[in-house]
1. Being over 25 Å from residue 31 (Cα atoms) and either without any contact (Cβ under 8 Å) to a residue 40 or more places away in the chain or under 12 Å from the mean Cα position of the chain (by Cα) (or both) narrows it down to one residue among 108, 101; which is it?
2. If I go through the stretch 70-95 residue by residue, how many of them are within 20 Å of residue 166 (Cα to Cα) and in contact (Cβ under 8 Å) with a residue 60 or more places away in the chain?
3. Examine the stretch 157-169 for a residue that is within 26 Å of residue 18 (Cα to Cα), over 14 Å from the mean Cα position of the chain (by Cα) and surrounded by fewer than 17 Cβ atoms within 10 Å (Cβ to Cβ), and state whether such a residue exists.
4. May I ask you to verify whether residue 132 is modelled with pLDDT of 95 or more, in contact with a strand residue (DSSP E or B) (Cβ under 8 Å, 6 or more places away or on another chain), under 30 Å from residue 171 (Cα atoms) and crowded, with 19+ Cβ neighbours inside 10 Å?
5. Might you let me know whether the stretch 139-156 holds any residue that is under 16 Å from the mean Cα position of the chain (by Cα) and either more than 21 Å from residue 74 (Cβ to Cβ) or surrounded by 12 or more Cβ atoms within 10 Å (Cβ to Cβ) (or both)?
6. Just to confirm my filter: which strands (runs of 3 or more DSSP E) fall fully inside the stretch 1-119 and include at least 3 residues that are over 30 Å from residue 154 (Cβ atoms)?
7. Does the stretch 7-30 hold any residues that are in contact with a strand residue (DSSP E or B) (Cβ under 9 Å, 6 or more places away or on another chain) and closer than 14 Å to residue 86 by Cα, and which are they?
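The values are calculated or read from the model by the stated rules, or taken from the named source; none is laboratory data. Note that the coordinates shown come from a computational prediction; the quantities given were computed from them, not determined experimentally. Cβ placement follows ideal geometry from the backbone for every residue including glycine, while neighbour counts extend to all protein chains displayed.
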């Protein structure tokens with residue numbers, strides 16, 4: 001396994017497949033309809049414009065096993081040191097340590113970019129994701145009950161937060 005910086009031209013189809021599998025078969029994404037290749041282009045353009053990373057892990061044969069990214073937690077200036085992250089692993093590569101490798105790399109990237117807090121919104125029934133976050137020191141900071149509706153049932157969204165020691169000298173503005 002090796003880390004890569006994902007880009008649209010090389011990885012859009014694989015990312016699309018990973019996201020759509022999650023949309024169709026899980027509550028990892030509170031979304032109903034599979035994404036299109038056009039929406040992935042817009043997603044990549046937005047990440048690039050705001051300098052947010054899209055980190056991938058590839059197998060020896062070059063296949064994307066999973067990816068991680070983060071973006072704005074909220075879009076007001078005072079939140080500039082907070083990001084919300086996502087980690088997705090291809091269904092064929094679950095339970096191989098891919099998510100842990102991506103999470104560790106993503107945390108280092110957030111520190112390098114001088115963010116202070118990383119936030120994850122996780123469906124309360126996604127125990128694998130909750131355990132992953134707890135392994136890396138994320139703390140449960142609250143649950144919003146019945147905020148999603150998918151697969152004929154109400155979904156509760158738990159928020160997990162990791163506070164980093166960066167930036168050394170935060171500034172307003």
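1. 108
2. 3
3. No, because not a single residue in the stretch 157-169 is within 26 Å of residue 18 (Cα to Cα), over 14 Å from the mean Cα position of the chain (by Cα) and surrounded by fewer than 17 Cβ atoms within 10 Å (Cβ to Cβ).
4. Answer is no for this residue.
5. If we filter the stretch 139-156 for residues that are under 16 Å from the mean Cα position of the chain (by Cα), which is where we start, we get none.
Checked the stretch 139-156: no residue is under 16 Å from the mean Cα position of the chain (by Cα) and either more than 21 Å from residue 74 (Cβ to Cβ) or surrounded by 12 or more Cβ atoms within 10 Å (Cβ to Cβ) (or both).
6. 2-5, 54-58
7. 15, 18, 19, 22, 27, 28, 29, 30
So that you can scan it fast, the table gives a plain yes or no per residue for (1) surrounded by 19 or more Cβ atoms within 10 Å (Cβ to Cβ); (2) more than 30 Å from residue 173 (Cα to Cα); (3) over 16 Å from the mean Cα position of the chain (by Cα):
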| site | (1), (2), (3) |
| --- | --- |
| 20 | no, yes, no |
| 24 | no, yes, yes |
| 36 | no, yes, yes |
| 45 | no, no, yes |
| 65 | yes, yes, no |
| 76 | no, no, yes |
| 84 | no, no, no |
| 92 | no, yes, yes |
